[in-house]
Structures are given as structure tokens and as C-alpha cells.
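Here's the structure we're looking at; comments come further down.
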Amino acid sequence: MGKLIRGISKNARFVIVDTTSIVEHAKYIHGCAPTALDAFGRVLTAGIMMGSYLKGEDLVTIKTESDGPLKSIIITANAKNQVKGYLSDPLADLPLKDNGKHNVSQLVGKGTIKIFKDMGLKKPYVGISELVTGGIAEDLAYYYFTSEQTPTVISLDVHLDYNNTIVSAGGYMVQLLPDADEAFAEALERKIKAIKEMTELLEGKMSLFDIADLLYDDMESEVPRPIEEFQILEEKYIEFACNCNKDKFYKGLIALGKDELKKIFYEEKEKKLEVECQFCRAKYEYFLEDFKNMLEESK
């Protein structure tokens, strides 16, 4: 399991996460190539941070649709600090950039990013924004600024070694509160530009609390002190988890209708139906006996 802390100060709220184990589990399930895994890990990390602000049975879904080799990523996160997801082509890959980083922007390409928030109402809230870079972090910051009018700083990082082993993954999100002081915003902007990437901080054995201190540290002060005091609201474990089960898929198969099921079992003489969950790759098998009562009633 990964870890998450969430906090607040006078001028901002923040979430910081270590998603190393989540991205590792996603790789195990989907068998991703390096660049696809980097992109997927970034969206999973963003989703778990956005989900930390949900309540009850609320859900948030992030969906990218783009013209790059990796045409789509879909993740869903809930208020229980769980996330799941899948991608259109787990084997999509590109050569490393000159700086040794994965070329996530080119793999994702240009298109749109959609945010669905299911808050238990008749229709979910849907926000749509442009994929301005394909790097995910900048795209989500752009979404928050244009769609929700919330100035946001997001860092999303995945570090893989030469054999595609996940060394670390994580991120942070800082959002200015309404009427935030301009001086705080400027100090935060300077800090974000100065500190190392999230994965470097994690590999340097910094805890999530240390990273929160670092984000709020006043670089211009001779005596170390925070830009302003902050409060940690919660610390939680996070995980890649899917809520699929055999009954859910059974209801989906029933929706095919009696005629289609009769065709499959009687005309095409299939011995079983097998379905696979896109999120967790779990497989479920259904036999004629499972539908016998329904089919007999139709005779």
C-alpha cells in the first residue's frame, strides 16, 4: 500500500502521496511498457489525490482522449483512498528523450482530458479541458484553472530503472484557497521551481511530512521557518483496488437479452461465456446452467 497525507493552511490546501506500490501493482496487472507505465502512473497518482477530497460513495474519473500512440487512459478513484484504471495500449512506448526521461508528452499527444465527478446526483459533473502538453500534471493544472477557477500546482513523477522496475512514484497537489495572499502564491511558485522532483525526494528518504515542510519552507529567511503554519488533516494508506465481482458482470450479460444468450449457447453451441474486467483483469466464467431459469421461462 502507498501513503497519503492531506493538509491545509491559511492560503492553500495540499495533498502529498507516495504511489510507488500502486504503480507497481498497475504494472503487474496490465504489463505496461516503460513510457506507457510512466503516463499511467501519473494519472493514477493524480486520481488518488483528487479522490482524497471525496466523501461517502462519491467517485472521480479521469479520462484522456488523444491522438498519440497512447490514445486513452481511464482511472477511477473513490473516497476510500482506492484507485483503479486501464489504458488503451499498455505496450505503447517511445525512445527516451535526450535527458533520459520518458517521452510521456509525445506518447499521450494532444486531445482532451475529462473529469467526471459522481456525487450521487442524477447526473455526474463533467469537466472538459485541453491536453495542452500531454505530460498530465500541467494538463490537470490547466483544467483546474480554466474549469474550476482554482490556481493549482501539481507534480507527478514515476521513476523506472533500466529494466522497467519501479524505483519510486508519487506526487503532490497544492491548491490556493479563495482570496489567497499574493505574497504566499509568489513564495510557493519560487519554491516549486527550486525543489527536486517528487521521486528524488522519496528516494532521498524524505517522508511525506518532510516534503510538506519543504513545500512550506521560506527560502528567503535566514532562520528556517515556514512561509505560514499548516495543519495535517489526515494520513491514510492508499491502494489499487477494484470492486468488480461475478454478480455485476452477470447482470451485464443478462442485459444482452434472452435471444442473444440462446444464440450463444444453443445455435453457436458455446460451452461457456468468459468476461474480463478491464480494470483488474479478473476473469469470470458463466455456463448455460447460470442462465437456465431465464432461458426456460422464454420458451
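Side notes on the structure shown:
- Ile75 fulfils the conditions (1) in a strand (DSSP E or B); (2) modelled with pLDDT under 95; (3) within 16 Å of the chain's Cα centre (by Cα) except for a single criterion, (2).
- Pairs, first in the same structural domain as Asp179 (by TED's automatic domain parsing) in the stretch 138-154, second of a type outside the set (S, T, N, Q) and part of a loop (DSSP other than H, G, I, E, B), C-beta under 7 Å, six or more apart: Glu138/Val132; Asp139/Val132; Tyr142/Val132; Phe145/Pro151
- Candidate set from the stretch 130-149 (those that are in contact with a helix residue (DSSP H, G or I) (Cβ under 8 Å, 6 or more places away or on another chain) and in a helix (DSSP H, G or I)); member that is surrounded by the most Cβ atoms within 10 Å (Cβ to Cβ): Leu140
- Some residue of the stretch 36-49 being in a helix (DSSP H, G or I), out of contact with any Ser or Thr (no Cβ under 7 Å at 6 or more places or on another chain), hydroxyl-bearing (Ser, Thr, Tyr) and at negative phi: no
- In the stretch 85-105, the residues that are of a type in the set (Lys, Arg) reach residues that are modelled with pLDDT of 95 or more and surrounded by 14 or more Cβ atoms within 10 Å (Cβ to Cβ) with C-beta atoms within less than 7 angstrom, at least six apart or across chains, in these pairs: Lys97/Asn103.
- Single match in Gly7, Gly85 (criterion: assigned to a strand (DSSP E or B), in contact with a helix residue (DSSP H, G or I) (Cβ under 7 Å, 6 or more places away or on another chain), closer than 20 Å to Lys117 by Cβ and assigned by TED's automatic domain parsing to the domain that holds Ala141): Gly85
- All conditions but one from (1) closer than 23 Å to Met173 by Cα; (2) crowded, with 24+ Cβ neighbours inside 10 Å apply to Leu70; the one that does not is (1).
- Qualifying positions in the stretch 150-166 - closer than 19 Å to Gly31 by Cα and either among the hydrophobic types (A, V, I, L, M, F, W, C) or part of a loop (DSSP other than H, G, I, E, B) (or both): Val158, Leu160, Asp161, Tyr162, Asn163, Asn164, Thr165, Ile166
- Entirely in the stretch 202-282, the helices (runs of 4 or more DSSP H) that have 3 or more residues that are not polar (S, T, N, Q) and not assigned by TED's automatic domain parsing to the domain that holds Asp181: 246-254, 258-262
- Failed criterion for Ile75 (all others in (1) closer than 18 Å to Tyr144 by Cβ; (2) surrounded by fewer than 22 Cβ atoms within 10 Å (Cβ to Cβ) hold): (2)
- Test: residue in the stretch 243-250 that is over 26 Å from Arg13 (Cα atoms) and of a type in the set (A, V, I, L, M, F, W, C): yes
- Flag for Ile48 being under 10 Å from the mean Cα position of the chain (by Cα) and touching a residue at least 40 places away in the same chain (Cβ under 8 Å): yes
- Sole residue being of a type in the set (Ser, Thr, Tyr), at negative phi and modelled with pLDDT of 90 or more, chosen from Ser221, Ser155: Ser155
- Subset of the stretch 152-184 that is among the aliphatic types (A, V, I, L, M) and in contact with a Pro (Cβ under 7 Å, 6 or more places away or on another chain) - its residue that is farthest from Asp139 (Cα to Cα): Leu160
- Within the stretch 107-124, residues that are within 28 Å of Gly56 (Cα to Cα) and in a loop (DSSP other than H, G, I, E, B) have Cβ atoms under 8 Å from residues that are hydroxyl-bearing (Ser, Thr, Tyr) and at pLDDT 85 or above in these pairs: Met119/Tyr125, counting only partners at least 6 apart in sequence or on another chain.
The values are calculated or read from the model by the stated rules, or taken from the named source; none is laboratory data. Model, not experiment: these values are computed from the prediction. Neighbour counts run over all protein chains shown; Cβ positions are idealised from the backbone, glycine included.
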